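Below is one structure, written out as structure tokens; comments come after it.
The values are calculated or read from the model by the stated rules, or taken from the named source; none is laboratory data. Bear in mind that the values here come from a model prediction, so they are computed numbers and not experimental data. Here the Cβ is made from the backbone with ideal geometry for all residues, glycine too, and neighbour counts use every protein chain on show. Ligands, DNA and RNA are stripped out before the accessible areas are found, and what is left, the full protein with its side chains, is counted by its heavy atoms. Shrake-Rupley method; radii C 1.70, N 1.55, O 1.52, S 1.80 Å.
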Amino acid sequence: MNQHKTIKNDKQILRNTYYLSLIIKKITRGEDIKYKPLKKAFNLILKNKVKENDLHFGALFAALKTKGPTEEEINALADAALELDNFKNKEKLKLNVPEKIYNIVGSGKDDIKTFNVSTATAFLASAGGLKIAKSLSYATSSITGGRDVLEEVGVNLNITPLKMLKALEKYGVAFFAIENQIPKFDKVYGGKFFFIHPLSYVLPALTSPIQVNNILYGIADINTELSAKLLRRYNFDDSAVVCGMNKDQNKYIDEISIIGPTKITQLKNQHIKTYIFNPEQIGLKLAREKDIVSESREESILAFLRVLSGLDNGPKSEMVCLNSGMLFYISGKCDSIEDGYLLSKELIESEKVIYKLQELIEFTNGDKKKFKAWMKKLYE
């Protein structure tokens, strides 16, 4: 009986693999795939119902990226990923306040390994009065992910979403580890891709357990319009998608850049507009690539703390202020990116930002000794 069941399962796996191979063949020929067949194909991979699971995972994503994924195709992949953990159907937690809740998150997989710009930006924007519920994760292709940095300096990210919601209510900032929200998908997907792929265009924006409808989304890919259309499909508004570049415009990062122009696509009242922002427009000097990179884990953490403490007045701090300034702009708190940047500079100089981090460590029953040890290194 068991042998018969095994044979039956093996035949089904072969049929599934054949179905998946046909989908991949169509994509390699330049055909767009409809929502249902692509979602079915990806579900077969996620549930390990095909032969050579990882091989087909990579083949499917590489084929789609080479062809150029459509909005519908990415929608199908993202829904399948979220449904694996039943995350798509979970009721989001809501904060009972009149203010809008903002997330700032990026695709990762940058061409330049910067320090943790978006994590620092979250603290800075919250010091300016915005409610920030940020999604973050461990590093895949970078030196440190946002989760690596916060845990290293003492923040406890393993508290319940409901308790973290209290932090958002009390201090205006909260962090939610992506791996904790979609653990089954992370087990299948985590650490497998070091390049921008179809899910990079939207999935990190969808993993917050908090009801967030406004986001600053960074993607290390020039097609910011595609991400904006996907955000609109998932009911985001008053948001922006940014792709930063180096001076030669041949390297991309998932933040507003201080070393070159940034392509920005804004989503407001369900309308999309795209423009280019240059730091020189607001009187800033372009920095060099080496001024924003981190070569080691320790260097990345110290850079993060140096910016938050107001000890860095150089390109790293300017870059964080630009990104925070963009959040102030899309929120309506400031009338322009420049005004948002200037407000951000004032906040850093006031030393309010580093206290946000200390408050979060205290509230989450984190490790204050870790924080003190790193601050001691900072002043050595």
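The string of couplings for the stretch 267-273 from the Karplus curve (6.51, -1.76, 1.60, θ = phi - 60°) is 10, 9, 6, 6, 9, 10, 9 Hz, one whole number per residue in order, with x for Gly and Pro. What is the stretch 312-359 by shape, rounded, prolate or oblate, if you read a ≥ b ≥ c off the alpha carbon gyration tensor as root eigenvalues and call it rounded for a/c under 1.5, prolate for a/b larger than b/c, and oblate otherwise? Since a/c reaches 1.5 but b/c is at least a/b, the shape of the stretch 312-359 is classed as oblate. Placing pseudo-labels 7 Å out from each Cα toward the beta carbon at Lys100 and Asn365 gives an inter-label distance of 3.6 nm. Spin-label model, Glu71/Lys184: points 7 Å from Cα along the beta carbon direction are separated by 2.9 nm. When the alpha carbon gyration tensor of the stretch 113-260 is reduced to an equivalent ellipsoid, the three semi-axes, largest first, read 23, 18, 17 Å. Backbone amide hydrogens, once placed in the peptide plane, bring Ile132 within less than 5 Å of Tyr102, Val173, Ala174, excluding anything fewer than 5 places away on its chain. Note on Leu162 and Ile272: the model spin-label points, each 7 Å out from Cα along the C-beta direction, lie 3.9 nm apart.
Among rounded, prolate and oblate, which fits the stretch 214-260 when a ≥ b ≥ c are the square roots of the eigenvalues of its C-alpha gyration tensor, a/c under 1.5 means rounded, and a/b larger than b/c means prolate? Prolate, since a/c reaches 1.5 and a/b exceeds b/c.
For Lys333, the aspartates and glutamates whose Cα comes closer than 18 Å to its Cα, not counting residues fewer than 8 places off in the same chain, are Glu99, Asp237, Asp238, Glu346. Phe277 sits among other residues whose Cβ lies under 13 Å from its own Cβ, and their net charge, with Lys and Arg +1 and Asp and Glu -1, is -1.
Per residue and in Å³, how big is the convex hull formed by the alpha-carbon atoms of the chain?
145 Å³
Quick one: if the Förster radius is 45 Å, what FRET efficiency do Lys40 and Ser336 give, using the C-beta to C-beta distance and rounding to 0.05?
The calculated FRET efficiency here is 0.45.
Charge tally around Ala373: other residues with Cβ under 13 Å, Lys/Arg +1 each, Asp/Glu -1 each, net +2. Evaluating kT/(6 pi eta Rh) at 25 °C and 0.890 mPa s, with the Kirkwood radius of the stretch 1-132 over Cα pairs in the Stokes-Einstein relation, gives 136 µm² s⁻¹. Using the Cβ of Gly154 as centre and a radius below 11 Å, the other residues enclosed give a net charge of 0, where K and R count +1 and D and E count -1. Across the stretch 343-348, coupling constants 3J(HN,Hα) worked out from phi with the 6.51/-1.76/1.60 Karplus curve, θ = phi - 60°, read 4, 4, 4, 4, 5, 5 Hz, and Gly and Pro carry x. For a quick check: with amide H placed at 1.01 Å from N, whose amide H comes under 5 Å from Tyr252's, ignoring anything fewer than 5 positions away on the same chain? Result for Tyr252 returns Asp111, Ile112. Between the amide H of Tyr138 and those of Arg147, Glu179, distances stay under 5 Å, these residues lying 5 or more places away or on another chain, with hydrogens modeled in the peptide plane. Each residue of the stretch 364-372 was assigned a 3J(HN,Hα) from its phi angle through the Karplus curve 6.51 cos²θ - 1.76 cosθ + 1.60 (θ = phi - 60°); the sequence is 8, 6, x, 9, 5, 5, 4, 4, 4 Hz, with glycine and proline shown as x. Computed about the Cα centre, the dipole magnitude for the stretch 102-168 is approximately 300 debye when only Lys and Arg (+1) and Asp and Glu (-1) carry charge, each at its Cβ. Counting only protein heavy atoms and a probe of 1.4 Å, the accessible surface of the chain is 48% carbon and sulfur.
Comparing Arg147, Arg29, Arg306 in a Gaussian network model of the chain, where Cα atoms under 10 Å apart are tied by springs, the biggest mean-square fluctuation is seen for Arg29.
Within the listed set Phe304, Phe57, Phe176, the Gaussian network model of the chain (springs between alpha-carbon atoms below 10 Å) gives the highest mean-square fluctuation for Phe57.
Residues Tyr329, Tyr18 ordered from highest to lowest accessible area at a 1.4 Å probe: Tyr18, Tyr329. Within the listed set Lys36, Lys184, Lys333, the Gaussian network model of the chain (springs between alpha-carbon atoms below 10 Å) gives the highest mean-square fluctuation for Lys36. Over the stretch 283-334, the hull volume per residue, using the convex hull of the C-alpha atoms, is 95 Å³.
For the stretch 35-103, the Cα-based Rg and Dmax, in that order, read 15.7, 51 Å. The stretch between Ser296 and Glu380 holds 28.5 nm of extra length on full extension. This uses 0.36 nm per residue minus the Cα-Cα distance.
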